[in-house]
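Participant: This structure is in structure tokens; I'll ask about it shortly.
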Amino acid sequence: QVQLVESGGGLVQPGGSLRLSCVASESIFRGIAMGWYRQAPGKQRELVAGITRSGSTTYADSVKGRFTISRDSAKNTVYLQMNDLKPEDTAVYYCNRNPMPLAYWGQGTQVTVSS
């Protein structure tokens, strides 16, 4: 019943773009603010973008102007458009509630930015 499925990651050169998708179970998605998180090896998981129930968005300073979070409520899907990717964006990306993420996390999707 509880489901968070991330996809869209891959290997991309610096300056390239990717669009990540997260399909959530309806019980998670409806009426809940969501966010994208990432975790690089040896580092804590961090919030990179959030979207409220009303559609307001927030971004970590490190990704402002480059990443855009959006959602399609009819599809129970949250997106993260990532442009001008940098090597420091390399991480596993996850979606979850924001604030107060569920203890359950999906498998994430790997983003690797390298020449």
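Participant: Roughly how many nanometres apart are two label points built 7 Å out from the Cα toward the Cβ at Glu26 and Trp105?
Facilitator: Here the modelled spin labels are 2.9 nm apart.
Participant: Right, something else. Mind checking which lysines have their C-alpha under 25 Å from Lys43, skipping anything on the same chain fewer than 8 residues away?
Facilitator: Excluding near neighbours in sequence, the set is Lys64, Lys86.
Participant: Hey, with R₀ at 30 Å, roughly what FRET efficiency would Ser17 and Ser73 work out to, going by the Cβ-Cβ distance, to 0.05?
Facilitator: Numbers: r = 24 Å, r/R0 = 0.81.
That pair, Ser17 with Ser73, gives E of 0.80.
Participant: Return the carbon/sulfur percentage of the accessible area of the chain, one whole number, probe 1.4 Å, all protein chains in place.
Facilitator: Numbers: 2950 of 6120 Å².
Here it works out to 48 percent.
Participant: What accessible area per residue comes out for the stretch 1-47, rounded to a whole number of Å², with a 1.4 Å probe? Display every interim value, and only then the final one.
Facilitator: Working: 2670 Å² over 47 residues.
For the stretch 1-47, the per-residue accessible area is 57 Å².
Participant: Which residues make up the longest stretch of the chain that has no trypsin sites (Lys or Arg not before Pro) in a DSSP loop with at most 14 other Cβ atoms within 10 Å?
Facilitator: Numbers: sites that count: Arg30, Lys43, Arg53, Lys64.
Within the chain, the longest run free of exposed trypsin sites (Lys or Arg not before Pro) spans 65-115.
Participant: How big is the antiparallel share of DSSP beta bridges in the chain, given as a percent to the nearest 5?
Facilitator: Working: 33 of 36 bridges.
Approximately 90 percent, going by the DSSP bridge assignments.
Participant: Above 18 Å lies some portion of the pair distances; for the stretch 10-115, what is it as a whole percent of all C-alpha pairs? Let's see the in-between values first.
Facilitator: Values: 2399 of 5565 pairs.
Taking all Cα-Cα pairs of the stretch 10-115, the fraction more than 18 Å apart is 43 percent.
The values are calculated or read from the model by the stated rules, or taken from the named source; none is laboratory data. Everything numeric in this text was worked out from a predicted model, so none of it was measured. Reconstructed Cβ throughout: ideal geometry from the backbone, glycine too, with neighbour counts over all protein chains shown. Please note that ligands, DNA and RNA were not included when accessible areas were found on the heavy atoms of the full protein model with its side chains. Shrake-Rupley method; radii C 1.70, N 1.55, O 1.52, S 1.80 Å.
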